[in-house]
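Okay, so here's the structure we're looking at.
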Amino acid sequence: MGTKKLKILLGKPGLDGHDVGVKVLGHALVEEGFDLVYTGLRKSIDEIVKKAIDNNVGVIGLSILSGTHIELCEQMNDAMKSAGLTIPWVVGGNIPDDDIDAIMKTGATDAFPTGTTIEQVIDYFNKLDEKL
């Protein structure tokens, strides 16, 4: 591997205390060669955006299992605009297919609903890395 890959921040916003999936994804992304920043559990959207800025990441991934994905995505869009942050951001987790359009309308670059595999997410980030 000659070039450094995209730096990704994975965040767990809200009160959701389930982080096994995002940690497994994070390890897989690191094994794929990505630089990773993980926020830890129960972070506010503002904390996630600040950490993204402080760490100069190229993309943010939100893991949301609490059912509050649309509200948190709306907050994410507002926080990013307020901070002047224009990097791509995605959301995954316990997301019904019927909510994907609403998530995309909040400004997310993509959404990964229930049933998305780690390989699909890695493929997405590899393609995004090639574009950026």
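Quick rundown of the values:
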| read-out | value |
| --- | --- |
| Filter result for I8 (out of contact with any Lys or Arg (no Cβ under 6 Å at 6 or more places or on another chain) and open to solvent by less than 30 Å² (accessible area, probe 1.4 Å)) | yes |
| Test for T86: is it of a type in the set (S, T, N, Q) and out of contact with any Gly (no Cβ under 8 Å at 6 or more places or on another chain) | yes |
| Selected residue (criterion: nearest to G58 (Cα to Cα)) from residues of the range 99-132 that are of a type in the set (G, A, S) and modelled with pLDDT of 95 or more | A108 |
| Evaluation of T86 against (1) more than 13 Å from the chain's Cα centre (by Cα); (2) in a helix (DSSP H, G or I) (one fails), failing number | (2) |
| When residues of the range 91-129 are limited to those that are among the hydrophobic types (A, V, I, L, M, F, W, C) and closer than 20 Å to R42 by Cβ, the one surrounded by the fewest Cβ atoms within 10 Å (Cβ to Cβ) | I95 |
| Test: residue in the range 73-82 that is hydroxyl-bearing (S, T, Y) and modelled with pLDDT of 95 or more | yes |
| Pair list, Cβ < 6 Å and 6+ apart or interchain, from the range 27-41 residues that are more than 17 Å from D123 (Cβ to Cβ) to residues that are in a helix (DSSP H, G or I) and not hydroxyl-bearing (S, T, Y) | Y38/G26; T39/I48; T39/K51 |
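To keep it simple, each residue is scored yes or no on (1) within 24 Å of D123 (Cα to Cα); (2) assigned to a helix (DSSP H, G or I); (3) touching a residue at least 60 places away in the same chain (Cβ under 8 Å).
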| residue | (1), (2), (3) |
| --- | --- |
| E47 | no, yes, no |
| A52 | yes, yes, no |
| I60 | yes, no, no |
| S63 | yes, no, no |
| G67 | no, no, no |
| L72 | no, yes, no |
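The values are calculated or read from the model by the stated rules, or taken from the named source; none is laboratory data. Just so we're clear, the structure is a prediction, and the values are computed from it rather than from any experiment. When we count neighbours, we look across all protein chains shown, and the Cβ atoms used for this are built from the backbone with ideal geometry, even at glycine. For accessibility, only protein heavy atoms count, side chains too; no ligands or nucleic acids. Shrake-Rupley method; radii C 1.70, N 1.55, O 1.52, S 1.80 Å.
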